[in-house]
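Working notes, beginning with the structure itself.
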Amino acid sequence: MPKLEKPVPVERRIFATNIRAARKRAGLIMQQVSDITHVSVTFISMVESGNQNTTIHCMAELSYAVEVPLYVLLSSSFKAETFDPKIWEDYAKYVQKAKPHLLELQLLAENTRRYRKLAGLTQAQVDQLAGFRNKTTSDIERQGGNMGIDLVIPIAPVLEVPFFKLFEPI
């Protein structure tokens with residue numbers, strides 16, 4: 001019996017399209033991004049094509065290489081040709097205060113907690129509604145590890161917020 005492939009989540013496709021457009025806007029080829037991030041060109045190519053689940057850490061590193069905040073690259077309204085560099089300049093102040101992947105995990109934790117409380121849900125309820133294993137929401141809220149995008153995608157609809165809002169500075 002042939003193996004059925006899962007459809008690529010729309011959030012991953014949005015990031016793939018936007019990171020490629022942002023890289024081109026920055027005038028960088030994949031090798032230059034690889035040199036900056038220490039992520040292989042092959043992996044970058046797979047991320048840009050939407051064929052690779054990637055970690056929040058890697059997404060953060062790629063976003064910093066092209067100087068566009070991760071939350072912007074996760075938004076379907078991102079347009080590389082009209083992106084205001086001032087947004088990056090303001091965001092870079094946050095970046096200077098933490099290691100890139102730690103900042104993004106912190107934002108994810110804080111926003112998950114905030115939106116969960118606004119929705120009046122417990123961590124266990126979010127786990128159940130998102131189809132998570134027990135204590136995944138707890139792991140997210142305490143920044144427990146470098147999670148992949150596909151793992152955290154189901155939390156946004158449960159909290160009734162666009163996915164990019166989970167990474168947006170408060």
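No value in this document is a laboratory result; all are computed from the given coordinates. Being a predicted model, the structure only gives us computed values, none of them experimental. Here the Cβ is made from the backbone with ideal geometry for all residues, glycine too, and neighbour counts use every protein chain on show.
Can you tell me the dipole magnitude for the chain around its Cα centre, using point charges on the Cβ only (Lys, Arg +1; Asp, Glu -1), in Debye to the nearest 20?
Working: 21 positive and 18 negative charges, 47 e Å.
Taking the Cα centre of the chain as origin, the dipole is about 220 debye.
Given that just one value was derived from the coordinates, which of [x] 19.9; [y] 16.9; [z] 16.4 is Kirkwood radius over Cα pairs in Å?
Label of the calculated value: [z].
Can you give the helix-only mean residue ellipticity at 222 nm for the chain, where every DSSP H stretch with n ≥ 4 adds -39500 (n - 2.57) and the sum goes over all residues, rounded to the nearest 500 deg cm²/dmol? Please list the in-between numbers first.
Numbers: 11 runs with 100 residues, N = 170.
The helix-only estimate for the chain comes to -16500 deg cm²/dmol at 222 nm.
Which residue fluctuates the most in the chain, going by a Gaussian network model with Cα springs under 10 Å, if the choices are 123, 31, 96?
The residue with the greatest mean-square fluctuation here is 96.
What ³J(HN,Hα) values, in whole Hz, does the Karplus curve 6.51 cos²θ - 1.76 cosθ + 1.60 give for segment 81-96 when θ = phi - 60°, with x put for Gly and Pro?
Along segment 81-96, the couplings run 5, 10, 5, 8, x, 4, 4, 5, 4, 5, 5, 4, 4, 5, 4, 5 Hz.
Would you give the gap between the C-alpha center of segment 22-41 and the C-alpha center of segment 106-170, rounded to a whole Å?
If you average the Cα positions of each part, the centres end up 30 Å apart.
Collect residues whose amide H, placed 1.01 Å from N in the peptide plane, falls under 5 Å from the amide H of residue 74; neighbours closer than 5 in sequence don't count.
none
Among 26, 60, 130, which one shows the highest mean-square fluctuation when the chain is modelled as a Gaussian network with alpha-carbon springs under 10 Å?
26
Please list 3J(HN,Hα) in residue order for segment 113-125, calculated via the Karplus relation 6.51 cos²θ - 1.76 cosθ + 1.60 where θ = phi - 60°; whole Hz, with x for glycine and proline.
4, 4, 5, 5, 5, 4, 7, x, 10, 7, 4, 5, 5
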